[in-house]
Structures are given as C-alpha cells and as structure tokens.
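Chemist: This is the structure I want to talk about, given as structure tokens.
The values are calculated or read from the model by the stated rules, or taken from the named source; none is laboratory data. None of the values given here were measured: they were computed from a predicted structure. Cβ coordinates were reconstructed from backbone atoms using ideal geometry, including for glycine residues, and neighbour counts include every protein chain displayed. Calculation scope for accessible area: heavy atoms of the full protein, side chains included, ligands and nucleic acids excluded. Shrake-Rupley method; radii C 1.70, N 1.55, O 1.52, S 1.80 Å.
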Amino acid sequence: MEKGSELKDVNLDIIFHHISDLIFQIRVIDVHHYEIEAVNEAYLSHYETSKEAISGRRIEDFLGVDQGIQAIKRFQEAIIRKKTIHFEEGYSFPKQGYKLFDITLVPLIEEGTVGRLIGVAKDITEKRMNEEHLAQSEKLSIVGQLAAGIAHELRNPLTSLKGFLKLIQFRNTDEDIDRYVQVMDSEFHRIEQIIDEFLILAKPTKTNFQNNRVDLILDEVIELLSGQANMKSIILQKEYASSLSPIYSESNQLKQVFINLLKNAMDAIGEEGEIMIKAMERKEHIQIQIIDNGSGIADEELEKLGSPFFTTKKNGTGLGLTICKRIVKKHKGTFTIESNEGKGTIVTLNFPKIYTT
C-alpha cells in the first residue's frame with residue numbers, strides 16, 4: 001500500500017513539474033498576506049528564477065506592488081467565496097513581456113478555513129491574438145463587400161453631377177458663382193478619392209513585386225510632398241543608413257503607405273514642426289520610422305487606429321491606415337504606432353530584406 005502511494009506521488013510530481021501550464025501553490029498567512037509555497041518548472045522558466053529564490057517569498061514582493069495587488073484581489077475573491085474561480089488576466093514577464101492567461105484558482109479548505117490556494121495559468125496570448133486577427137479579417141471582408149456596392153452606386157450619379165458642373169462652369173460668367181463651382185468641384189474630387197479607397201478595400205490590385213531600395217522610394221515621396229510641407233512650414237528631415245539592402249516589394253504600394261503616413265504626420269503638426277524619416281538596417285529587416293512632433297494621439301484612440309472607418313480627422317474616412325496595414329501585411333512586414341498626446345507620434349515599419357511569395 002505504501003509502495004503504491006509512493007508511485008502515485010512520483011507520477012504527480014512528474015505531472016506537476018513537466019506540464020506546460022504555470023502551476024503555483026500559495027500559502028495564506030492572512031487575508032492580506034500570501035507566500036509562494038511551490039511552483040512548477042514552467043513557472044520558474046517564465047520568471048527566470050529558482051525554487052530557492054522563490055520559495056517562501058511574499059507574492060507582492062515577488063511580482064511587484066501593482067501585479068502583487070492584482071493577484072491578491074483574486075486570492076481574496078477565492079477565499080471569500082470558498083469556491084474555485086476562473087478568470088482571464090494579464091501579467092508582465094522579464095523577457096517575454098505581457099502575456100494573457102486563462103487562470104483557475106482553487107481554494108484548499110482546512111477545518112472551514114482556506115489555508116492554501118492552488119492555481120493553474122494557461123497562456124492564451126497567441127490564441128486571443130489569432131481570434132482578434134480573424135475578427136479583423138472578417139470585418140475587412142464585410143467592409144470590402146460593402147465598399148464595392150457603395151462605390152458602384154456612387155460612380156454613376158457622381159459622373160452625371162460632374163458633367164453638369166463642368167457645363168455650368170463653361171457657361172458661367174459670374175465670379176461669385178464661379179467660386180462656388182470651384183468648391184463643389186473640389187468636394188467632388190474628395191468623394192472620388194473616398195470611392196477609390198473603397199475600391200482598394202473591395203478588390204485586390206495588380207502588383208509587380210521586385211527588389212527595391214526603400215530609401216529611393218522614400219526620396220521620391222519626400223520630393224513629392226516637400227511643397228505641401230513648405231507651405232505649412234514643416235521641415236522634412238531624413239536619416240538613412242549608408243547602405244540599405246533591397247526588399248522584395250511593390251514600389252507603388254509602398255509609396256502609397258509612405259504618402260499616407262507623411263500626410264498624417266503633417267496633419268498632426270498643422271503648422272510649423274518637424275518630421276524625421278529614418279531608414280535603418282537591422283539583422284533581418286529594414287526598419288522605417290516616421291517621427292513627428294505633432295499633437296499626438298490619446299491612448300483610447302491609439303488602440304482603435306487602423307480599424308475601418310475609425311478616424312481622428314475631422315474630414316477623414318478611417319480607411320487610410322486600414323489600407324496601409326493591409327499593404328504592410330502583404331509585404332510580410334510589421335506596423336506599430338507609439339504616441340504621447342501633446343508630444344508626437346512614431347510610426348515604425350519593419351520589412352524583411354528578402355522573402356519569396
């Protein structure tokens with residue numbers, strides 16, 4: 001009987017230490033204080049620590065004040081309810097960064113009191129990211145179908161309206177009316193641009209991928225927008241590495257991305273400011289950064305940027321960044337935005353030096 005119990009203990013020990021989920025046992029000192037009693041190998045590897053270093057430590061001492069308080073609130077909930085609780089929560093790690101976990105917390109009741117807690121934390125970061133990407137893809141698919149229908153319905157009446165406007169412009173001799181006609185023509189042009197953006201979302205465009213030097217593409221875009229920048233007293237600075245490897249890309253699509261991002265930066269500045277355009281060689285990537293000293297973006301808005309139809313501009317469509325993100329993804333690149341409200345924004349693009357489609 002004793003031998004069987006030993007074998008059972010050995011099997012439990014193997015499971016405890018080799019399961020990939022994070023397992024931890026907490027000793028309850030009182031309702032506000034908790035000590036780490038035991039953890040498995042997965043837990044140790046995530047925090048890059050040892051059993052000796054972690055055993056007996058207060059939870060707030062080990063996790064830090066903020067994350068310790070976060071964990072203690074969950075412990076208290078399990079103790080008060082005296083029932084297993086299940087929840088999702090995020091924690092930051094020394095090297096892996098922020099991760100989201102599906103956590104089960106079990107109170108061990110001894111003589112009517114919770115003396116220990118056992119927790120199992122399953123990493124669901126990648127799962128949630130995949131779900132988010134899938135939802136975004138489905139949203140873009142629906143937007144594309146909607147956009148195609150809207151664009152088709154708008155094209156015909158818009159063509160008729162522009163034709164009649166040209167006729168009025170041709171016959172008109174009144175300067176006041178001519179000024180109104182110019183405004184109408186400008187607005188029609190803006191509607192056409194919106195329709196074009198709809199169509200880009202609605203259907204794939206023909207592409208011609210080849211090896212391109214991204215610094216040369218940036219130079220063309222800077223030259224193209226320098227006039228607009230000068231009118232707003234905005235300085236366009238560039239900082240390139242001495243030699244940059246080419247990337248396999250579609251030059252016109254990259255131009256579209258860079259034009260959109262630089263225009264966004266100019267809009268954020270308004271009048272008088274500076275935009276720095278950097279191109280750097282990394283180990284496996286070419287990194288592009290567009291840095292402005294404009295108005296910046298609030299945290300709650302930053303999370304939504306790039307979602308279809310969300311915009312911070314008064315007359316924006318919310319499609320520009322959506323299209324940029326789609327193009328960057330098509331180039332197997334990454335797209336990130338960092339911003340501090342009132343201080344400016346940094347957009348970082350990373351493109352692989354070589355890839356095959």
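Chemist: I'm trying to understand the selection: among the residues of region 312-324, which are part of a loop (DSSP other than H, G, I, E, B) and either modelled with pLDDT of 85 or more or crowded, with 19+ Cβ neighbours inside 10 Å (or both)? Explain how you work it out, then say what you get.
Modeler: The initial filter retains those residues of region 312-324 that are part of a loop (DSSP other than H, G, I, E, B), namely 312-319.
Hit for region 312-324 is Leu319, nothing else.
Chemist: So if I check each of Ile346, Ile327, Ile288, which one is within 17 Å of Val257 (Cβ to Cβ), over 16 Å from the mean Cα position of the chain (by Cα) and either in a helix (DSSP H, G or I) or modelled with pLDDT of 90 or more (or both)? So that I can check it myself, show each step before the final result.
Modeler: Values: Ile346 fails: over 16 Å from the mean Cα position of the chain (by Cα); Ile327 fails: over 16 Å from the mean Cα position of the chain (by Cα).
Being within 17 Å of Val257 (Cβ to Cβ), over 16 Å from the mean Cα position of the chain (by Cα) and either in a helix (DSSP H, G or I) or modelled with pLDDT of 90 or more (or both) holds for just one of Ile346, Ile327, Ile288, which is Ile288.
Chemist: Continuing with this model, one more query. Return the residues of region 65-102 that are of a type in the set (Asp, Glu), surrounded by 14 or more Cβ atoms within 10 Å (Cβ to Cβ) and touching a Lys or Arg at 6+ places or on another chain (Cβ under 9 Å); say none if nothing qualifies. Full working, then the answer.
Modeler: Filtering region 65-102 down to residues of a type in the set (Asp, Glu) leaves 66, 77, 88-89, 102.
Okay, now just the ones that are also surrounded by 14 or more Cβ atoms within 10 Å (Cβ to Cβ), so 77, 89, 102.
The answer is Glu89, Asp102.
Chemist: For region 269-285, which positions are under 13 Å from Ala229 (Cα atoms), touching an Asp or Glu at 6+ places or on another chain (Cβ under 8 Å) and either open to solvent by 30 Å² or more (accessible area, probe 1.4 Å) or part of a loop (DSSP other than H, G, I, E, B) (or both)? Before you say what the answer is, go through the steps one by one.
Modeler: The first filter runs over region 269-285 and keeps only residues under 13 Å from Ala229 (Cα atoms), leaving 269-276.
In the following step, the residues that additionally are touching an Asp or Glu at 6+ places or on another chain (Cβ under 8 Å) were identified as 269, 273-276.
Glu274, Met276 - these are the residues of region 269-285 that are under 13 Å from Ala229 (Cα atoms), touching an Asp or Glu at 6+ places or on another chain (Cβ under 8 Å) and either open to solvent by 30 Å² or more (accessible area, probe 1.4 Å) or part of a loop (DSSP other than H, G, I, E, B) (or both).
Chemist: Further, regarding this structure: Of the numbered conditions (1) within 23 Å of the chain's Cα centre (by Cα); (2) closer than 19 Å to Val347 by Cα, Leu236 fails exactly one; give the number of that condition.
Modeler: Looking at each condition in turn, Leu236 falls short on (1).
Chemist: Next up: I need the full set of residues from region 209-261 which are more than 18 Å from Phe335 (Cα to Cα), among the hydroxyl-bearing types (Ser, Thr, Tyr), outside any strand (DSSP E or B) and open to solvent by less than 70 Å² (accessible area, probe 1.4 Å), in order please.
Modeler: Ser226, Ser233, Ser245
Chemist: Still on this structure: Give me the pairs: first residue in region 104-129 and touching a residue at least 40 places away in the same chain (Cβ under 8 Å) and within 19 Å of Ile59 (Cα to Cα), second residue part of a loop (DSSP other than H, G, I, E, B) and open to solvent by 70 Å² or more (accessible area, probe 1.4 Å), beta-carbon distance under 7 Å, and six or more apart or on different chains, which are they?
Modeler: Pairs found: Val114/Lys82.
The rows are residues; the columns are (1) loosely packed, with under 11 Cβ neighbours inside 10 Å; (2) closer than 15 Å to Gly119 by Cα; (3) at pLDDT 90 or above.
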residue: Gly4; (1), (2), (3): yes, no, no
residue: Leu7; (1), (2), (3): yes, no, no
residue: Gln25; (1), (2), (3): no, yes, yes
residue: Glu35; (1), (2), (3): no, yes, yes
residue: Ala38; (1), (2), (3): no, yes, no
residue: Tyr43; (1), (2), (3): no, yes, no
residue: Tyr47; (1), (2), (3): no, no, no
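Chemist: Condition check: within 15 Å of Arg213 (Cα to Cα) and acidic (Asp, Glu). Does Glu223 satisfy that?
Modeler: Details: within 15 Å of Arg213 (Cα to Cα): no; acidic (Asp, Glu): yes.
Against the criterion (within 15 Å of Arg213 (Cα to Cα) and acidic (Asp, Glu)), Glu223 does not qualify.
Chemist: Also, quick follow-up: Would a scan of region 125-133 turn up a residue that is open to solvent by less than 40 Å² (accessible area, probe 1.4 Å), in contact with a strand residue (DSSP E or B) (Cβ under 7 Å, 6 or more places away or on another chain) and at pLDDT 90 or above? Don't jump to the end; show me each part of the working.
Modeler: Here is the first cut: in region 125-133, the ones open to solvent by less than 40 Å² (accessible area, probe 1.4 Å) are 125.
After this cut, where a residue has to be in contact with a strand residue (DSSP E or B) (Cβ under 7 Å, 6 or more places away or on another chain) as well, the list is 125.
Those still in the list that are at pLDDT 90 or above too: none.
No - not one qualifying residue is present in region 125-133.
Chemist: Still on this model: Mind telling me which of the residues Leu140, Leu165, Leu105, Leu117 ends up being of a type outside the set (Lys, Arg), over 30 Å from Ile26 (Cα atoms), open to solvent by less than 40 Å² (accessible area, probe 1.4 Å) and at pLDDT 75 or above?
Modeler: Just one listed residue meets the conditions, Leu165.
Chemist: Name the residue that is nearest to the chain's Cα centre (by Cα), counting only residues in region 78-98 that are modelled with pLDDT of 90 or more and hydrophobic (A, V, I, L, M, F, W, C).
Modeler: It comes out as Phe87.
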